[in-house]
Amino acid sequence: MAESDGTGKRKRNEDDTDTELKLDDKVFNDPIHGHIEIHPLCMKIIDTPEFQRLRYLKQLGACYYVFPGASHNRFEHCIGVCHLAGEMVSRLQKQQPELEITDVEVLCVKIAGLCHDLGHGPFSHLYDNKFIPLVVPGSDWTHEEASIQMFEHLIEENNLEKDFQQCELKKVDIEFIKELIAGPSDKDDTDKYVKPIYKGRPNKKYLYEIVANKRNSVDVDKWDYFARDCYMLGIKNNFDHNRFLRFFRVIKDIHGEQQICLRDKEVENLYDMFYTRKTLHSRAYQHAVTQAVESMIVDAMVIADKCKTFTFLGKNNKALRLRECKDDMVAYKKLDDTIFQRIMWSTEPELQGARDLIDRIQKRQLYRCVGSMHRPEGLDKEGDKKVLEEIAQLDDELKKEFLTLSCVHYDYGMKKENPVDRTRFYSKSNPNECKNLCKEEVSKLLPEHFQEDMIRIFCKEHNPKIIEAAKKAFEKWCKKNKFVPTTERWALTPAKTHDIMSSSPLDSAATTSHDIGDNKRIKKKLFSQDSNKKPRRE
């Protein structure tokens with residue numbers, strides 16, 4: 001590895017190859033990975049308006065309103081993924097020369113890691129997972145699709161074709177990069193679904209498992225955000241990706257297909273990795289207060305989407321609404337988290353409702369979670385609406401408009417499946433033969449289920465009486481339908497001594513002024529019962 005000369009450029013070392021001598025890598029000091037080197041072509045991509053936009057997209061979206069440390073952005077995450085992708089493919093190239101991994105392929109994998117999140121919208125997953133499905137029902141649009149479109153737009157707008165050619169990247173290599181980001185196409189020329197078609201590197205399918213692994217969900221994208229998010233959230237990370245990087249090999253399976261395999265002794269660490277993912281979702285990404293803020297931001301964006309004057313200029317200076325920007329990269333690259341401030345400082349009368357919601361977030365007058373439960377089997381979106389109607393009918397003070405429902409989904413990365421079942425392993429004694437490892441061979445303490453679904457009911461009103469009415473109506477509805485509410489402490493108004501005494505530091509992030517008032521009143525009642533009695537001397 002070449003050393004930095006203090007200016008960000010590399011010193012020439014005797015052991016540098018001819019290819020490395022031509023490079024002028026830049027050195028970044030990353031808080032997670034330390035000093036990392038970035039290829040000149042990657043720097044060309046980084047220094048474009050399309051990539052710089054990622055500086056204004058919070059990695060964890062609304063989590064920042066619950067965890068003050070979650071201020072990091074997609075910008076640094078993408079640079080981290082670029083580094084880890086390069087580390088992994090370079091290690092395979094060095095340790096297994098028989099794979100014939102070329103320097104061009106190494107560069108393609110790095111670029112894919114760098115550009116894999118170019119297509120995220122405002123507040124990251126909030127735009128594609130919540131806003132778009134709400135305003136464009138039935139849409140199958142994804143941020144991965146937008147990442148490919150933005151990548152193409154980035155190359156064209158910044159005239160990078162010559163730079164790609166100078167690094168010996170051809171059209172097939174650019175197609176390979178796009179496949180690495182979103183996976184190979186599963187449609188033929190007639191737009192019919194078929195078996196995935198690999199156009200970039202059909203004989204090296206294992207390379208598709210580095211940035212976005214569709215086989216078992218073990219990839220460097222997760223490794224970076226596990227480490228980065230835990231560091232910024234203040235949550236301990238028990239998973240060490242640096243150790244994993246030392247125990248990978250490419251081996252042919254029984255069907256003669258090459259895939260990345262893991263050393264068998266690392267299988268428990270692999271389960272720890274997926275449990276870390278679930279923990280981050282339960283404690284941060286899908287925290288009840290995070291979802292409350294998300295719902296308020298989405299409601300504000302829906303109002304803004306209906307406003308005829310709240311638009312973004314796209315191609316040919318065409319004014320586009322929020323929902324329309326995703327199909328026009330000129331307009332889409334103007335969308336980022338600053339939409340929050342744009343709504344807040346707007347003056348259009350049509351945006352008054354959105355401004356009120358933003359103001360409530362600023363003052364922490366958030367939607368209140370009044371109850372949660374495990375999701376009943378077969379409950380779809382239409383069923384969600386029916387749930388809110390049934391709950392609202394159980395109290396005269398409630399209206400359906402006062403309530404909203406949020407879905408909670410935890411899994412190990414592959415819904416109901418155990419991703420470890422799709423992972424192949426090798427042993428120290430037989431490093432060229434891959435095998436399966438079932439749970440019984442690992443431990444009896446492993447999970448039986450790999451997916452959990454819940455629903456949370458939120459009250460949009462800030463009136464304590466309506467919040468209490470919504471809570472009681474939810475409890476009545478559960479009792480009527482023989483459902484058992486889950487015991488999320490932040491979802492319930494404290495009413496008993498143990499509710500007060502059992503609060504945790506994490507719950508304090510969700511505490512509102514109404515909660516504090518309840519706590520004070522209850523404590524005053526508890527500790528003033530014997531206030532008229534004289535103190536007994538011991």
* Asked: Mind checking which pairs have a first residue in region 249-271 that is among the polar types (S, T, N, Q) and a second that is assigned to a loop (DSSP other than H, G, I, E, B) and open to solvent by 50 Å² or more (accessible area, probe 1.4 Å), Cβ under 7 Å, 6 or more apart or different chains?
  -> GLN259/ARG215; GLN259/ARG424
* Asked: From the set of residues in region 360-386 that are at pLDDT 95 or above and in a helix (DSSP H, G or I), which is nearest to TYR285 (Cα to Cα)?
  -> ILE361
* Could you grab the pairs with beta carbons closer than 6 Å, sequence gap of 6+ or different chains, first residue in region 205-221 and modelled with pLDDT of 95 or more, second one small (Gly, Ala, Ser)? => ILE210/ALA85; VAL211/ALA85; VAL211/ALA112; VAL211/GLY113; ASP219/ALA212; VAL220/ALA85
* Starting from region 50-79, keep only residues that are in a loop (DSSP other than H, G, I, E, B) and surrounded by fewer than 19 Cβ atoms within 10 Å (Cβ to Cβ), then list their pairs with residues that are charged (D, E, K, R) and at pLDDT 95 or above whose Cβ atoms are within a distance under 8 Å, requiring at least 6 positions of separation or different chains. => SER71/LYS58
* **Tally, over region 207-254, of residues that are open to solvent by less than 30 Å² (accessible area, probe 1.4 Å) and either closer than 16 Å to LEU84 by Cα or in a strand (DSSP E or B) (or both)** => 25
* Structure fact -> Selection from region 319-338 of residues closer than 18 Å to ILE303 by Cβ, open to solvent by 10 Å² or more (accessible area, probe 1.4 Å) and assigned to a helix (DSSP H, G or I) yields ARG323, GLU324
* To do: Could you check, for region 354-364, whether at least one of its residues is within 26 Å of the chain's Cα centre (by Cα), surrounded by fewer than 16 Cβ atoms within 10 Å (Cβ to Cβ) and of a type in the set (S, T, N, Q)?
  => yes
* Count of region 299-308 residues which are open to solvent by 10 Å² or more (accessible area, probe 1.4 Å) and at pLDDT 95 or above -> 4
* Structure fact -> Reported set for region 98-121 where residues are in a helix (DSSP H, G or I) and either closer than 18 Å to LYS178 by Cβ or modelled with pLDDT under 95 (or both) is VAL104, GLU105, VAL106, LEU107, CYS108, VAL109, LYS110, ILE111, ALA112, GLY113, LEU114, CYS115
* **All positions within region 255-269 that are of a type in the set (D, E, K, R) and open to solvent by 20 Å² or more (accessible area, probe 1.4 Å)** => GLU257, ARG263, ASP264, LYS265, GLU268
* Just a yes or no: is a residue in region 157-168 of a type in the set (Lys, Arg), assigned to a helix (DSSP H, G or I), closer than 30 Å to THR338 by Cα and at pLDDT 95 or above? -> no
* Out of GLU152, GLU100, GLU157, report the one residue that is acidic (Asp, Glu) and either under 26 Å from LYS252 (Cα atoms) or under 19 Å from the mean Cα position of the chain (by Cα) (or both). => GLU100
* Asked: Of all residues in region 270-288, how many are open to solvent by 50 Å² or more (accessible area, probe 1.4 Å) and more than 19 Å from THR486 (Cβ to Cβ)?
  -> 2
* Any residue in region 393-410 that is under 22 Å from PHE248 (Cα atoms), open to solvent by 60 Å² or more (accessible area, probe 1.4 Å) and modelled with pLDDT under 95? -> no
* Structure fact -> In region 417-446, residues that are in contact (Cβ under 8 Å) with a residue 12 or more places away in the chain, out of contact with any strand residue (DSSP E or B) (no Cβ under 8 Å at 6 or more places or on another chain) and part of a loop (DSSP other than H, G, I, E, B) total 6
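The values are calculated or read from the model by the stated rules, or taken from the named source; none is laboratory data. Fair warning: this is a prediction, and the values are worked out from it, not measured in the lab. Methodologically, a virtual Cβ is constructed for each residue, glycine included, from the backbone with ideal geometry; neighbour enumeration extends over all protein chains shown. For the accessible areas, the whole protein counts, side chains as well, though only heavy atoms, and no ligand, DNA or RNA atoms are used. Shrake-Rupley method; radii C 1.70, N 1.55, O 1.52, S 1.80 Å.
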